[in-house]
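The values are calculated or read from the model by the stated rules, or taken from the named source; none is laboratory data. Note that the coordinates shown come from a computational prediction; the quantities given were computed from them, not determined experimentally. Neighbour counts are summed over all protein chains in view; Cβ atoms, including those assigned to glycine, are modelled from backbone coordinates with ideal geometry. With ligands, DNA and RNA removed, areas are computed over all heavy atoms of the protein, side chains included. Shrake-Rupley method; radii C 1.70, N 1.55, O 1.52, S 1.80 Å.
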Amino acid sequence: VQLQASGGGLVQTGGSLRLSCAASGRTFSRNNMGWFRQAPGTEREFVAAISWSGGSTYYGDSVKGRFTISRDNAKNTVYLQMNSLKPEDTAVYYCAAGGKSFYSVSSSEYPYWGQGTQVTVSS
């Protein structure tokens, strides 16, 4: 599976962005997917995950209630809708595929990674 993330940018506090992750490969629809983020000088942090069917989702505590993960298997794409953005959400956001379950929160559980997209939230 090859992944291409897009949709990052600069937004003000309280604004919204939608990230997309386009996947290639016929097995996309059988993969649990996840979003992670990494700010400078910090470890990669789990953001959200979704099951292969889209029927189950799981969120990190810092984004619960503000971010929504979804997927469209017909388009081989997973999305991350980010609302009520805060300066602490500033990071490079990565999509990942192949999680062992829809609640896989460790980056080591995902064998496939996209290149990342920068999200910057100004105060």
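Quick one: with all protein chains in place, what share of the accessible area of the range 48-115 is carbon or sulfur, to the nearest percent (1.4 Å probe)? C and S fraction of accessible area: 48 percent. Under 5 Å from the amide H of ARG71 lie the amide H atoms of TYR79, each residue being 5 or more positions distant or on a separate chain, with H modelled from the backbone and absent for Pro and chain starts.
A simple spin-label model places the labels of LYS100 and SER123 3.9 nm from each other, with each point 7 Å out along Cα-to-Cβ. Ranked by solvent-accessible area (1.4 Å probe, protein heavy atoms only, all chains present), the residues ASP61, ASP89, ASP72 order from largest to smallest as ASP61, ASP72, ASP89. Given their separation in residues at 0.36 nm each and the Cα-Cα distance between them, LYS75 and THR57 gain 4.6 nm when the chain is fully extended.
Note that the range 105-115 has calculated 3J(HN,Hα) couplings of 10, 9, 4, 5, 8, 10, x, 10, 9, x, 7 Hz, one per residue in order, obtained from phi through the Karplus relation 6.51 cos²θ - 1.76 cosθ + 1.60 (θ = phi - 60°); glycine and proline are x. Taking 27 Å as the straight-line reach from the Cα of LYS86, the lysines in range (excluding those fewer than 8 positions away in the same chain) are LYS64. Rounded to the nearest whole Hz, the Karplus-based 3J(HN,Hα) values (6.51 cos²θ - 1.76 cosθ + 1.60, θ = phi - 60°) of the range 44-57 follow the sequence 5, 10, 5, 10, 7, 9, 9, 6, 4, 7, x, x, 10, 9, with x at glycine and proline.
Calculated on C-alpha atoms, the gyration radius of the range 60-105 divided by its Kirkwood radius gives an Rg/Rh of 0.97.
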